[in-house]
Amino acid sequence: MKKRIDKQKFMSLIEDGMTLMVGGFLTNGTPETLIDWTMDSGKKNLTIICNDGGYPDKGVGKLIQAGRVTKLIASHIGTNPTAGELMQNGQMEVILVPQGTLVEQIRAGGAGLGGILTETGKGTVVENNKRLIEVKGKTYLLEEPLTADISLIGGAITDQFGNLRYVATTRNFNPVMALAATTVVAEVYEIKDYLDPEIIITPHPLVDYIVVGEFHG
C-alpha cells in the first residue's frame, strides 16, 4: 500500500509551529499512535485544533502536558486540569469555541468558504472582537474558517486505496477534519482488501498517508 508510512516518515512531516487538527471526542477516535509519534518528534510551539484538551495522559493532553502546545482551539478543557492551569498562567493560549461553531468553522475551512454566520455567543464574551453581519433583519457573528497544516485522523478502517470508514462513534470530528488540512494522516485499525463504496465516509483522494496504529494490533 503506497500510502502507508512508518514512524520516521511521519515525524519528518511535523515541524515546529505547525497547526494540527486532531480528531476525537474525549479521546474516542483520537489517533493515539500519531500523537505519541508527534511527541517523539520533539517538535514544539504547536497549535492544536481539537474538540477538547484530552486527558493528562491521553489524547492531545500528552502534548499539552509536555509543553509542546502554545495555542489550543477547542470546545472544552475540563477533562485536563493542566490545560486550565496553563491557560490561567498565560503559558498556553486557549480559545474556547461552542462545539457546533467549531465543527462548522472547520467545515468552512475545508469548503473554501469565508466563514460562517451564527447567533451563538451573541451578547457574551464570545462576541468580543468579532464582526457582526446583518442578514434579513437578524444580526449574526462572523466566525472565520479554520484550516491546518496537518490533520491527524483516527478511528478508521481503510482499503488498499486509502478510502476510510469509521468505527461507530469514532467518526465524530474526523471526517470534517480530513477536508480542512494541507496534509491528512489517518491512523487505522486495519487495512481491508475491499470496502463497499456505500460505506466509505472519507474518500481516498483526501488521505495522503496511512498508519496502522500501534494500539490496534
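The values are calculated or read from the model by the stated rules, or taken from the named source; none is laboratory data. Since this is a predicted model, take the numbers as computed values, not measurements. Positions of Cβ are generated from backbone atoms using ideal geometry, with glycine treated the same way; all protein chains shown enter the neighbour counts.
General observations
- Candidates in segment 124-149 are the residues that are more than 22 Å from the chain's Cα centre (by Cα) and part of a strand (DSSP E or B); of these, the one that is surrounded by the most Cβ atoms within 10 Å (Cβ to Cβ) is Leu141.
- Cross-chain or 6+ apart pairs with Cβ under 8 Å, segment 54-70 first and free of Cβ contacts under 8 Å to residues at least 60 places away in the same chain and among the acidic types (Asp, Glu), then in a helix (DSSP H, G or I) and surrounded by fewer than 24 Cβ atoms within 10 Å (Cβ to Cβ): Asp57/Gln65
- Sub-7 Å Cβ pairs linking a first residue in segment 77-93 that is over 16 Å from Ala66 (Cβ atoms) to a second residue that is among the hydroxyl-bearing types (Ser, Thr, Tyr), at least 6 apart or interchain, are Thr79/Tyr55; Glu93/Thr70, ordered by first then second residue.
- Scanning segment 150-201 for residues that are outside any loop (DSSP other than H, G, I, E, B), small (Gly, Ala, Ser) and touching a residue at least 60 places away in the same chain (Cβ under 8 Å) gives Ser151, Gly154, Gly155, Ala181, Ala186.
- Just so you know, in segment 1-14 the residues that are in contact (Cβ under 8 Å) with a residue 40 or more places away in the chain and within 19 Å of the chain's Cα centre (by Cα) include one that is nearest to Thr169 (Cα to Cα), and it is Phe10.
- Within the option set Gly53, Gly17, being modelled with pLDDT of 95 or more, on the phi > 0 side of the Ramachandran plot, within 16 Å of the chain's Cα centre (by Cα) and not aliphatic (A, V, I, L, M) holds for one residue only, Gly17.
- Screening the candidates Leu113, Leu46 for the property of being farther than 20 Å from Gly213 by Cα, crowded, with 20+ Cβ neighbours inside 10 Å and touching a residue at least 12 places away in the same chain (Cβ under 8 Å) yields one hit, Leu46.
- Condition check for Asn89 on (1) within 26 Å of Asp16 (Cβ to Cβ); (2) touching a strand residue (DSSP E or B) at 6+ places or on another chain (Cβ under 9 Å): one failure, at (2).
- Per-region count, segment 196-217, residues over 11 Å from Ala156 (Cα atoms), crowded, with 18+ Cβ neighbours inside 10 Å and either at pLDDT below 95 or β-branched (Val, Ile, Thr) (or both): 1
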